[in-house]
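Reading through the structure tokens given below for one structure.
Rule-based calculations on the coordinates, nothing more; no lab input. Here the structure is a predicted model, which is why all the values come from computation and not from measurement. No Cβ is skipped: glycine too gets one built from the backbone with ideal geometry, and neighbour counts run over all protein chains shown.
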Amino acid sequence: MSDPFPGFSGISMIDEGGGAESAAVPRPAEPSGPPGAGSGPVEAKVVIVGSGPAGLTAAVYAARANLAPIVLAGYVPGGQLMITSDVENYPGFPEGIQGPELMARFREQAERFGARIVDLDTDRVDLSARPFGLWAGGVEYRAQALIVATGASALWLGLESETRLRGRGVSACATCDGFFFRGKRVAVVGGGDTALEEALFLTRFATEVVLIHRRDQFRGSKIMQERALAHPSIRVRWNQEVTAVRGDEVVSGLELRDVGTGERSEEPVDGLFVAIGYKPNTDAFRDWLELDEKGYLVVQGETGSRVEGVFIAGDVHDHRYRQAVTAAGDGCKAAIDAERWLESVGLAESVTATAW
Ligand code: NDP
């Protein structure tokens, strides 16, 4: 059959920013080829992996310290803000700003100071010795210092029907895919700020948003709860778990089970937005760096890791704050720590405080 939702991302990885490619991220005029590709490994004093607020802030600071950082940004760069609509809590934007526009500004600022940004995923790393090895798009990068800022990705319910219908009505990104549900009914699963935010955003398009939560109270912030509960287009179904997504070729409804009584019911909807949290993106690093029990990277001191010369910033280690502004602050700290460490091992010249 023909694609029922042309352009529908059904995004699977928050950091991939699916559907976000059309967003206003400035890209290099040429295909973003790796600097020096084709002439052996690319050497850099600092390589930054990840291009959300943490990675790009690290890039601004490292570039301004004359470290000519390379940012391995990911195939679809920009991090979680690429799939966030209104950002109302990033300081300096009293009227709010769209997530993709904010990230476009971060990127422009990093590039202005000489950061080289490569829009490719990092496939593999070798942190056994310095310079560290990183491979992206078939090119080897060698870094004296490394900043890991790979963020976190959306979690899924884990249902077969959810996977089968991903991109056919099942999504984890209202900002990317909400548009496809103009005049339709949709469901959002989850009870945290992400679910509340997605539900509110979807009211711009959908006639009704059914918010499905497995408990009888939300986890999200008070202000978001109040907004969602007061919205006339949002209906909450408490104590419900989704047991299956209905539909052969596109979503036609959900099967639900009351977690208290076991009673089963159905909810006819055209779309399902899964907003149940995140998983840190550590795959390339798990053999080298320490992970905590939730799978987040463990930081030593402020931004260090168990490997000397490897620094960590943002949501890949932070499951407490997870804010753009805290990630940006982390990126700043990691870049300063990397620069000071490079200086201490004789690989960078001393930079005065005002140079930052
Ligand atoms: P949270 O971990 O806060 O919430 C996840 C929600 O999904 C919980 O309500 C949880 O239920 C539910 N859930 C988890 N697993 C399942 C499952 N398998 N089936 C059904 N439901 C499930 O994640 P969020 O993504 O909402 O938020 C993460 C962090 O980011 C938070 O600190 C939040 O405040 C922040 N955030 C801030 C925003 C802002 O400031 N604008 C916007 C978005 C997020 P239960 O409650 O029962 O555990």
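Summary of values
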quantity: Residue order, fewest to most beta carbons within 10 Å, for 344, 252; calculated: 344, 252
quantity: Angle between the chain longest axis and helix 193-202 axis [Cα atoms, degrees, rounded to 10]; calculated: 60
quantity: Under 9 Å, Cβ to Cβ, from residue 212 - net charge with Lys/Arg +1 and Asp/Glu -1; calculated: 0
quantity: From phi via Karplus (6.51, -1.76, 1.60), per-residue ³J(HN,Hα) for segment 266-281 in Hz, x at Gly/Pro; calculated: 10, 9, x, 9, 9, x, 10, 10, 8, 9, 10, x, 9, 10, x, 8
quantity: Residues with amide H under 5 Å from that of residue 51, placed H, sequence gap 5 or more; calculated: 78, 79
quantity: Segment 156-274: proportion of alpha-carbon pairs further apart than 17 angstrom, %; calculated: 50
quantity: Under 5 Å, built H, 5+ apart or other chain: amide partners of residue 221; calculated: 193
quantity: Restricting segment 164-196 to trypsin sites (Lys or Arg not before Pro) in coil, as DSSP defines it, with at most 12 other Cβ within 10 Å; calculated: 182
quantity: Candidate aspartates and glutamates - alpha carbon under 19 Å from residue 222, same-chain residues fewer than 8 apart omitted; calculated: 86, 88, 193, 197, 198
quantity: Extension reserve of the residue 290-residue 129 stretch, reckoned as 0.36 nm per residue once the Cα distance is removed; calculated: 56.3 nm
quantity: Set of lysines with alpha-carbon distance to residue 45 below 20 Å, sequence-local pairs under 8 removed; calculated: 333
quantity: Folded to 0 to 90 degrees: helix 53-64 orientation relative to the chain principal axis, Cα; calculated: 20
quantity: Check: the chain dipole with +1 on Lys, Arg Cβ and -1 on Asp, Glu Cβ, in debye; calculated: 360
quantity: Theoretical FRET efficiency, 1/(1+(r/R0)^6), r = Cβ-Cβ of residue 66 and residue 223, R0 35 Å, to 0.05; calculated: 0.25
quantity: Residue list for segment 245-261, given a label point 7 angstrom along the Cα-to-Cβ vector of residue 156 and an amide N cut-off under 15 Å; calculated: 245-246, 251
quantity: Among 270, 123, 292: highest mean-square fluctuation, GNM of the chain, C-alpha pairs under 10 Å; calculated: 292
quantity: Structure-based [θ]222 nm, the chain - -39500 (n - 2.57) summed over DSSP H runs of at least 4, per residue, nearest 500; calculated: -6500 deg cm²/dmol
quantity: Formal net charge of residues neighbouring residue 97 (Cβ-Cβ distance under 9 Å; K, R +1; D, E -1); calculated: -3
quantity: Estimated FRET transfer efficiency when R0 is 30 angstrom, pair residue 179-residue 216 (beta carbons, to 0.05); calculated: 0.40
quantity: From phi via Karplus (6.51, -1.76, 1.60), per-residue ³J(HN,Hα) for segment 288-298 in Hz, x at Gly/Pro; calculated: 10, 10, 7, 10, 8, 5, 8, x, 7, 5, 9
quantity: Taking segment 156-274 and dividing mean pair separation by its residue count, relative contact order in percent (alpha carbons under 8 Å, at least six apart); calculated: 31
quantity: Potential lengthening between residue 235 and residue 95 on full extension [0.36 nm per residue; Cα-Cα distance subtracted]; calculated: 47.6 nm
quantity: Total charge dipole magnitude, segment 120-171, about the Cα centre, Cβ charges on Lys, Arg, Asp, Glu only, Debye to nearest 20; calculated: 80
quantity: Helix 99-112 vs. the chain, principal-axis angle (Cα, 0 to 90°, nearest 10); calculated: 10
quantity: Unpaired by the 4.7 Å Cβ criterion, cysteines found in the chain; calculated: 332
quantity: Ranked 122, 261, criterion: other C-beta atoms within 10 Å, fewest first; calculated: 261, 122
quantity: Cα centroid separation - segment 233-285 against segment 145-181, whole Å; calculated: 13
quantity: Length-normalised contact order of the chain in % [C-alpha pairs under 8 Å, at least 6 apart]; calculated: 20
quantity: Neighbour-count ranking [beta-carbon atoms within 10 angstrom, fewest first] of 319, 213; calculated: 319, 213
quantity: Residues whose placed amide H lies under 5 Å from that of residue 87, excluding near-sequence neighbours; calculated: 97, 98, 99
quantity: Of 152, 58, 136, the one that fluctuates the most in a GNM where the chain has Cα springs shorter than 10 Å; calculated: 136
